[in-house]
Amino acid sequence: MEIENIFSHEISITLFSKYWGEYDKLQKISSNIFNLSGNEKKQISWDVPDTGSNPIGQIGFNIASKEKKDGEVVINYVNFEGEPKQIFKRPDHVENYQRGKEKKEGYYGEIWRNAWVQSLDKWEKRGKNFRICQNNGRGILFTGTDLWRNYSIVSNVMLQSSDSGGIVSRVQGVNKYYAFEICKENKLRIGKMNNDYQILKEEEFEVEFFKEYNLKMTVIKNKIIGHINDKVIIEVEDDDSPFLKGGAGLVVDNGTLVTEQIILS
């Protein structure tokens, strides 16, 4: 953010973010104070703290002065950059749905789910935080923006009678992403969805249903690296119009996939 103080005296600036927290109320977190002397122009930045998996609803800034005088403050630009270091899961204040137990009235507990793009048949509210189902074809659940470029996504996933499933990165739409998947044909696969699905590389790997696998996919420039239990198992470079930015999430093909959380770093 670049800001210019047109006042003749010192002012102070704080940046803030508001996230949807407990009771579906906006909770505010603020940066440290930035001081600008009279007629000073300055670039200021702030690493937004972890919000505990609660989605951000607002951003802004506060301007204060010890002196009561007329003047102007010019905001030349505000931008966002960098990849998140974040654990995505059900926020602690949202109770897990239990059959027969009365839930809080109204919409409560849905806002965190609506921070995700859902292109699938069902995202269950009971059980693990992420239990996604697709009856026919590929279903995807993702979040993020094209500001995300080089990062890793990690999740402990379990297939339940699925053809395949796993994690996705560099997502630019429901039909444009990279996938790192385990497959019922005892394959480990890196694939590229660009309207049509293309297998970039496969390795033999014994797969069991209802068994948890720690999957990690790292994307660096045009390279995609797949790990299981922190061991590199498969990697490939995409030299055909590679995707270089985009969000992250989960994918499942003809079945159900479950996981407790998704970690980005």
Enumerate the whole-percent occupancy of each 10 Å bin, from 0 to the last occupied one, for all C-alpha pair distances of the stretch 37-192.
7, 29, 28, 18, 10, 6, 2, 0
Extension gain residue 232-residue 62, at 0.36 nm per residue separation less the Cα-Cα distance, in nm?
56.5 nm
To the nearest 20 Debye, how big is the dipole of the chain about its Cα centre, given +1 on the beta carbon of each Lys and Arg and -1 on that of each Asp and Glu?
660 debye
Give me the one-decimal nm value for the distance between modelled label points at residue 39 and residue 4, 7 Å along each residue's Cα-to-Cβ direction.
1.3 nm
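Within the stretch 1-102, report the trypsin sites (Lys or Arg not before Pro) that DSSP leaves as loop and that have at most 14 other Cβ atoms within 10 Å.
Passing both the DSSP loop test and the Cβ count: 25, 66, 68, 69, 85, 99, 101.
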Of the residues 232, 144, 164, the Cα lying farthest along the dipole of the stretch 117-265 towards its positive end, which is defined by charges on the beta carbon of Lys, Arg, Asp and Glu, belongs to 144
Label-point separation in nm, residue 199 to residue 115, each point 7 Å along Cα→Cβ
3.6 nm
Candidate aspartates and glutamates for bridging to residue 216, where Cα separation is under 12 Å - those fewer than 8 sequence places away on the same chain excluded:
181, 230, 235
Between residue 22 and residue 75, Cβ-based FRET efficiency (R0 35 Å, step 0.05) works out to 0.65
Which order do the peptides 207-220, 251-264 come out in when sorted by mean C-beta neighbours inside 10 angstrom, highest first?
251-264, 207-220
Answer label for semi-axes √(5λ) of the Cα gyration tensor in Å (calculated), chosen among (1) 36, 22, 17; (2) 46, 19, 17; (3) 41, 24, 13:
(3)
Reachable aspartates and glutamates from residue 68, Cα under 17 Å, same-chain residues fewer than 8 places away excluded?
10
Can you order the peptides 166-175, 46-55 by their average number of other Cβ atoms within 10 Å per residue, highest first?
166-175, 46-55
Which of 71, 144, 249 moves the most in a Gaussian network model of the chain with Cα springs under 10 Å?
71
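Go ahead and run the numbers for FRET between residue 239 and residue 146, Cβ-Cβ distance against an R0 of 25 Å, rounding to 0.05.
Numbers: r = 21 Å, r/R0 = 0.83.
Approximately 0.75, to the nearest 0.05.
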Which of 205, 180, 130 comes first, and how do the rest follow, when ranked by fewest Cβ neighbours within 10 Å?
205, 130, 180
Within 10 Å of each residue's Cβ, count the other Cβ atoms and sort 188, 159, 147 from fewest upward.
147, 188, 159
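Each value in this text was obtained by applying a stated rule to the coordinates, not by laboratory testing. From a predicted model like this one, the values you see are computed outputs, not experimental measurements. Virtual Cβ from ideal backbone geometry, glycine too; neighbours counted across all protein chains shown.
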